[in-house]
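The values are calculated or read from the model by the stated rules, or taken from the named source; none is laboratory data. These numbers were taken from a predicted model, which means no experiment stands behind them. Here Cβ is always computed from backbone atoms with ideal geometry, including for glycine, and neighbour counts include all displayed protein chains. Heads up: the accessible areas ignore ligands, DNA and RNA and are worked out on the full protein's heavy atoms, side chains in. Shrake-Rupley method; radii C 1.70, N 1.55, O 1.52, S 1.80 Å.
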Amino acid sequence: MLIFEQDDDLAHSNTFNSAVSLDDHNLTLPPIIEDWTKDQVKDWLVIKLRVSKELAQKLYDQELTGACLTSYEKEDLLELGVPPAPAIQILRQIKKFKKQSETFVPATPVPERELNLRDNAEMSQKLDESAENETVSSDSGIQSLSSSVQMLQMTTPQRQRPVCQIRPFDKSNSSIFYMENDILPPMAGPSNLIDPVHEYHLVPNVNQASEKEILYEFTREVFSFAASCMNSRTNGTIHFGVKGQQQEQQQCHVVGQRISSLNKYNEAFESSLGDFFEEEYVKVARLCIRPPNFIPVLHENGTASDKWVIEVDVVPAISQTQDYLFYTELGITSSEEKHQCKTLCLFVREGPQSVNILADTNPRVGQKKLKDLTEKVKNLVSARKAAEENKERCFPQSHQGQRLKQLMTRGRHVLESSLQVIVVTDKCHPGQLEHMDFLNEISLFSVLEFDPESDLNGTCHFYRKDHIANLHYPQMYTTQESLPTLLGKLNLFKQTSWIFCNGRLNEESEEHMPLKPSEWLKRRSFDISKMIGFLCSPDVISKDRLLVIFVLHSAVTHLSHPILETFCAIYRTLEGADNMLCICRDSGVFSHWKKLIELRCEEDISNKCIYELSLNEISSTVKQLKEPQTQSSQRYLPSTGSSSVLLTKKAEELFTDFDILSENECEKTEIEKSDSFDGFNKKIEEAFYRGGQVRWWNFHFSEQRGSLPFIKRDKYNELYDLITPVEGYTFSCVMINLFHPPGCGGTTLAMHVLWNLRKKFRCAVVKNNRATNNDIAAQVINLLTYGKQDQPGYTPVILLVDNWEDVEDLKQCILHVAGERRQQNALMVIILNCERTQFPDESSRNSNLPNIFITNKLSTKEQGLFSEKLQQLKTYHEKPETFYAFMIMTKNFSETYITNIVSNSLKDLDATGRQGRLLSFLALLNTFVNGSYMSLSLCEELLGMKNAFWKRETLENVMNPYSTLLITFSVEEHGSYQAVRFLHPMIANNCLQILEQKHKLSLAEIVIDILHCDKLYKSCMGKDFLVQNIQSMLISRHRKEQGDDKDTQFSPLIEKIHGDEGSEKVKELFEKAIGRFDRSATLPQALARYFCLREKDFQAALKWALDARGKNSNSYIADTVGQVYKSQLKKKIEDSEPLTAEALNECLILGSKAVKAFQESQELAKKDETIDPFDLHNRKRPKSYNTSGYVGETEVMMILLDLIRELPLSQSRDRYQTDKLLQILKGHHTIKDFHFDHSNAATAQFVDILSHHERFLISLKPRLKEIFCFFENYFTYLRPRSEERVIADERHKNKLSEHFRKYLKIFSSSEQEKASEKARNPNLSLHQEIQDQRFYLETKRADSFAGLLQCLSDKSGAEMEHIIKKWKFIFEKSPKRSVSDTVNFILANIVMHSIKPSSKELTKYEELGDLLNEELQKEGTHSNSTEMYYLSMLLMWPTKDRKLESFSTYKDIATYFRSAKKSFHRRFSHMFPARTALAHFFLGKSTGLKRIVSKVKLDQSNQPRTPHQLWQSGAAWNEPQVEKELLRVKGISENGEVYVNYEGNLKIPVRPAYLGDIRSGCSREQISFYIGFTMEGPVAYNIKYLTAQ
């Protein structure tokens, strides 16, 4: 390290001290500024430069490291907010410091002997010897230098740039590039005759000379140089396009030559050789002088230029040159006389130049030089011969092939497919691209690409010919998105990520253009460092499954080179080079790389480097290491007409979420021909029968000769027949459910059916349960249409999804994506959903979809098949009795059997040890969270196993003998890694019981241990999923409607701990969980509910509910706040017997707060996310609109009304007093009008309290009415998108009906009240009568538009006649009719006609039309009365025989339909994710009111069949009654939309009911369909293309 004195000069001593010290501070800094961390920069600014701490902190926050600091200019510092004076100070100090330290640059690009500088060679030796004194900075891991810095300063001239790696001598096909301004070795005289001498030239460009002159200049210089090398018997290279040394201190640097044609240079070289040499030596010269090599020159940002360096090697082998002297003839052409003069020359090497010894004008001097040369040549011949012989003996035997195998396989025999590889590489020479094909054979996770043109003509372009690779930038990995989101968004683990670390040449954005190294450090190094932190994080890839390969095609010569910076970032992140492999093009590249890493990291990288093998040898070796393929190299899919199509590897990579079952699955694979096939067979069978997921190989093995068939479950044929034949389906996408308890073989049964249908259907299994429905749909349709062009017909797809809880939405997404590639009425997709449930038989009965179910009880036949299979397993496997998942089924799920195996396995368990701890964690998770697991790497860490790259320990060995209860399997939902779980849920549950009973380990203790275990929450594979599982275990309740055994108030774990260990333990658990997951809102919400429901501690409940609301304000948490107030209100009333005025005041305050919280919940429900991200039980449940705020508000209001009705305002509590109070609540009177005995102090106090809360009290009735209307609209206008919400709807309807009946009872007017009202104001008698009629309608739920629609299904003809009479009275007698009254009156007639068409109370169709038209004219097209516009569809829908243009009534009809949609969206759009508009009427064939056909009427005609199943399957449209009643309308599909055209240029848009019914492609087609009327607008059902009919 360096010592800084206060004068900021380096200490004047022969060596640098190993520590940096100040007078008052101990500040240690590396001598190379680029190595300074941001902390060291901050210390340097504060301590050395005396910069203010505030400014230093500001720069620290900007991530200012030493590497950035060296790249900054004054303007950059000013932009960062540094004042001008400190900015100048900082820059000057950097400049001063760099003069002292930056000279230490590895300037040894080629062997030192090439430089012919003995001083430099000696210096290099001293430098190597001093390497022992180098030290490492403890906080960055990057090396600092010792006294060798000063030594180099004293002995070597300073160099701005190090010498670059040059083309290996006498290698014509070398894959090398030069970069503009690269430094080449200095020109020097011959050394050992083998190391080449170098000479540099710039030939004239086309603006300075003709092409002929340029070529002559080229050949003259080449052959002059060649002759000098041949006469001096030394190897040499002449370079064109390189600027030579003008002065001693200058360097030779690459400029490049623009060349119009490479062939012309080659032709000039070949044709001119005979002209320059004597005829007898031409052949020798041709053998010694190599043809020109053309080396591309890159710009400094790494992109290609149009310049070249031309190099010609000279190899004067002694076998050719012997003792000859080689004369040349140089010609000078006269352009005027058109003839050529030739001069005889004899060139030799003198120092760094070629000298013609015959050029001396003194003949005597020339003769002497010739004589001396003749004598010298004799010595040179001997020296050359000895040098050549010595060179032949200098080829050591290489063992790098073996090293490559060890590094790639980590000492194993094969390259495992589970190993994730990150490749870091630069520009590859086009001639070497074919040898980069080894990338195809490895699990290539990502490539960090430093060639900006790679996607155009480099490695990326080559790779993408056969594979999918996504082009990314580092910034895409540095966002704030969650890990699962980023993994899914970038398709990591599914497709290779090709990350351009220095931009792309063909990128339009300035942000992603290639940069020079100095700019790269300033602008991109930070993003690269953060990206590497993400890619190499244990959260993403476990360290023992990661290999980083550096492929260096060119030498890295700068300490600030981007690839070296990348290496250092990876080195820091992985804490060393154990996971690295460096492939260097040759020993020269390796030499640079090794020295730079020694300087930066003090790490000898030699044993991690391959540099003696060609890229071809490396590629071939890697390809031989790969595991035998378990899939056929050519996979086929079934297609139409019994044909097949080839599924290419690249095409299959596009199906990122599918495991596709090919026709020839498991056939003609590499593994079958391998010696390891028998072991593979046993391993696959053992994994499945122990409890792993079934694989296609299991079915394949069972079909081989000598094997028993795969066990065919009793329900196999039923499921098979349900899927086939396809002709029975009328819908293009159908859903089938298979209900099964966990662990009883439901998914295996489904896959067994798929296996046997693989040649009739295109079969796929969704392997990523986190995939979105849109992604799945797109891949399904791509699979359906794969290999098809314009030919008709498709082979249907069977899509197997496991526990997919939003199947209806998945179906809609598939139909939406389907487009024009489908045939009308042809089956496209069958979705087979394996649904886990504790009550499969009950779920099957309640489902409206085609389904089958299996239970955890085997039939006698099945038990026989399992026993027979067990006998076969005993033949091939040593201990099939330990295949516990199979044995559990063989024993027919016997609890006794499970208890015995678990007890025997755990009899010697130390529950407090590492093994016992891991088992307790897994048992708890697997028991209380379906599908839970822990990553293998985490389990190994918990057991204290070293997670080293070369590990030999296995989990199975360390966990023995308990490992027989566990299984390791692959996970692809949250990355790609190995995970661990119990073999079977019943084993996990039993293990937990034994831990409780035998080892006295309570559930609470295990949970607390999990919460205290920091290792679970540090970076590891699958951490996010594990954290979600832990939280779900604490908060996810059971619900019957979702297939659980019962409804619970809390999670089953909390319920059990509450029952077994008491409430204090539950509270302790929740508080510790909240401390661990401090950002979670659902945990304090759950604790609030616990305090409220179980402890009745409302203050504590409110505290935690408000804490939850502060963390995440959504409708569910706001509802919890309301529920706390409601529960406190009920408890207060219960405890206040008899009720006092003070208690009444508290109750009203609590009620008011509860109402406010519930109203907040209602507002939040319009915009919040309905599913908590940690509630895994509901994570994929379809969205639902949260109405609990409305229900809660209703309940609170009803409680308050009951309370007020029972107030002791008089001793008699007579009806008069009650009526008077109700009049106040209705808003007809005020509290001041209330008469009471003022001498009664208690009553006076009550009245005073009521007066104080009067505004709140009189709001109760209208607010209740508003809520009831809301629910009427909610249930009537909209239907849920999912089946389970239908059940929930019915439950809510029943609860609300009870409240409504109570509401009616409370506010019904007594006869006394009516008489009193009439006596007080006789003129109100009509008004009173109208109110009576309205109240009657309200009691019948027929006072609103939605209520009248409900009358279609629940009112008889007689009841409806009473209702229409009431509406007629209101309509005719009301002094001022409202729009809603008119609209309701019209609808009452339509409903009446539907129920009883013969009723005499009906108003004529024409009159209803006129009434409606009158209202439409008054309201216009911007009203919120969706109901009015809805009626316009029913009454004004045009018919073919009506000449529309003559009726002004109908001129705006299309506008009214659009207005219906707009007003509907304004009122209900926030509910769309959960519900969709419902059609109550359809367009019939008749006229007038007869053509308005209600859905209820159609349903009644379908008895005794279930109407819902008919509509769901689409079969309803083929029912005779439907075809008889409904009108099939002709229309057109245009630009993806559906329209009905009528006369008079009337074009009415109609929304397709099912998105997949309409073809994409914007084709204009003639279609026909039925029309249904929803509040949103007209809807097209059962669309048929007329060309297909």
Restricted to segment 1341-1366, and to residues that are of a type in the set (S, T, N, Q) and assigned to a helix (DSSP H, G or I), which residue is least open to solvent (accessible area, probe 1.4 Å)?
-> Q1350
In the set L1510, L1498, which member is at pLDDT 75 or above, open to solvent by less than 10 Å² (accessible area, probe 1.4 Å), in a helix (DSSP H, G or I) and out of contact with any Cys (no Cβ under 7 Å at 6 or more places or on another chain)?
-> L1498
In segment 729-822, which helices (runs of 4 or more DSSP H) lie fully inside it and hold 2 or more residues that are modelled with pLDDT under 90 and either of a type in the set (D, E) or under 25 Å from S639 (Cα atoms) (or both)?
-> 773-785, 807-818
If you scan segment 553-609, which residues turn out to be part of a helix (DSSP H, G or I), open to solvent by 40 Å² or more (accessible area, probe 1.4 Å) and without any contact (Cβ under 8 Å) to a residue 40 or more places away in the chain?
-> S587, K594
Among (1) open to solvent by less than 10 Å² (accessible area, probe 1.4 Å); (2) in contact with a strand residue (DSSP E or B) (Cβ under 8 Å, 6 or more places away or on another chain); (3) of a type outside the set (D, E, K, R) - the single one A771 does not satisfy = (2)
Of the residues in segment 1372-1419, those that are more than 24 Å from T1487 (Cβ to Cβ) and in contact with a His (Cβ under 9 Å, 6 or more places away or on another chain) come to P1375
Select from segment 194-228 the residues that are in contact (Cβ under 8 Å) with a residue 12 or more places away in the chain, β-branched (V, I, T) and assigned to a helix (DSSP H, G or I) and write down the one among them that is farthest from H239 (Cα to Cα).
-> T219
Using the structure shown, decide if L49 is more than 23 Å from W520 (Cβ to Cβ) and buried (at least 18 other Cβ atoms within 10 Å of the Cβ).
-> no
For S644, the lone unmet condition from (1) in contact with a Pro (Cβ under 8 Å, 6 or more places away or on another chain); (2) of a type in the set (S, T, Y); (3) part of a loop (DSSP other than H, G, I, E, B) is (3)
Please enumerate the residues belonging to segment 319-340 that are open to solvent by 70 Å² or more (accessible area, probe 1.4 Å), modelled with pLDDT under 85, on the phi < 0 side of the Ramachandran plot and not acidic (D, E).
-> I332, T333, S335, H339, Q340
Being open to solvent by less than 40 Å² (accessible area, probe 1.4 Å) and either assigned to a helix (DSSP H, G or I) or hydroxyl-bearing (S, T, Y) (or both) is the filter here, so list the residues in segment 1242-1253 that pass it.
-> T1243, A1244, F1246, V1247, I1249, L1250
Count - residues of segment 797-810 that are more than 22 Å from the chain's Cα centre (by Cα) and surrounded by fewer than 22 Cβ atoms within 10 Å (Cβ to Cβ) | 1
Only residues that are open to solvent by 80 Å² or more (accessible area, probe 1.4 Å) and outside any helix (DSSP H, G or I): list them for segment 354-384, please.
-> T361
Does K1067 fit the bill of being out of contact with any Phe, Trp or Tyr (no Cβ under 9 Å at 6 or more places or on another chain) and closer than 20 Å to S1051 by Cβ?
-> no
Assuming S620 fulfils every condition listed in (1) at pLDDT below 95; (2) hydroxyl-bearing (S, T, Y); (3) open to solvent by less than 40 Å² (accessible area, probe 1.4 Å) apart from one, which condition is it?
-> (3)
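Condition check ((1) open to solvent by 50 Å² or more (accessible area, probe 1.4 Å); (2) within 30 Å of G728 (Cα to Cα); (3) modelled with pLDDT of 90 or more; (4) part of a helix (DSSP H, G or I)) across all residues:
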{"residue": "A826", "(1), (2), (3), (4)": "no, yes, no, no"}
{"residue": "I830", "(1), (2), (3), (4)": "no, yes, yes, no"}
{"residue": "N833", "(1), (2), (3), (4)": "no, yes, yes, no"}
{"residue": "S843", "(1), (2), (3), (4)": "no, yes, no, yes"}
{"residue": "L858", "(1), (2), (3), (4)": "no, no, yes, no"}
{"residue": "G864", "(1), (2), (3), (4)": "no, no, yes, yes"}
{"residue": "T875", "(1), (2), (3), (4)": "yes, no, no, yes"}
{"residue": "I888", "(1), (2), (3), (4)": "no, no, yes, yes"}
Kindly indicate whether S260 is open to solvent by 50 Å² or more (accessible area, probe 1.4 Å) and in a loop (DSSP other than H, G, I, E, B).
-> yes
In segment 426-462, how many residues are within 25 Å of the chain's Cα centre (by Cα), within 24 Å of N301 (Cβ to Cβ) and β-branched (V, I, T)?
-> 1
Would you please name the residue that is modelled with the lowest pLDDT, looking only at residues in segment 935-970 that are assigned to a strand (DSSP E or B) and crowded, with 19+ Cβ neighbours inside 10 Å?
-> S935
Subset of segment 682-706 [open to solvent by 20 Å² or more (accessible area, probe 1.4 Å), closer than 17 Å to F886 by Cα and polar (S, T, N, Q)] | Q693
Output the residue which, of all residues in segment 733-743 that are touching a helix residue (DSSP H, G or I) at 6+ places or on another chain (Cβ under 7 Å) and open to solvent by less than 20 Å² (accessible area, probe 1.4 Å), is farthest from D659 (Cα to Cα).
-> P741
Sort through S1309, S1297 and tell me the only one that's among the small types (G, A, S), over 39 Å from the mean Cα position of the chain (by Cα) and either at pLDDT 90 or above or part of a helix (DSSP H, G or I) (or both).
-> S1297
Considering every residue within segment 406-413, establish whether at least one is modelled with pLDDT of 85 or more, polar (S, T, N, Q) and outside any loop (DSSP other than H, G, I, E, B).
-> yes
How many residues are open to solvent by 40 Å² or more (accessible area, probe 1.4 Å) and assigned to a helix (DSSP H, G or I) if we restrict to segment 1367-1404?
-> 6
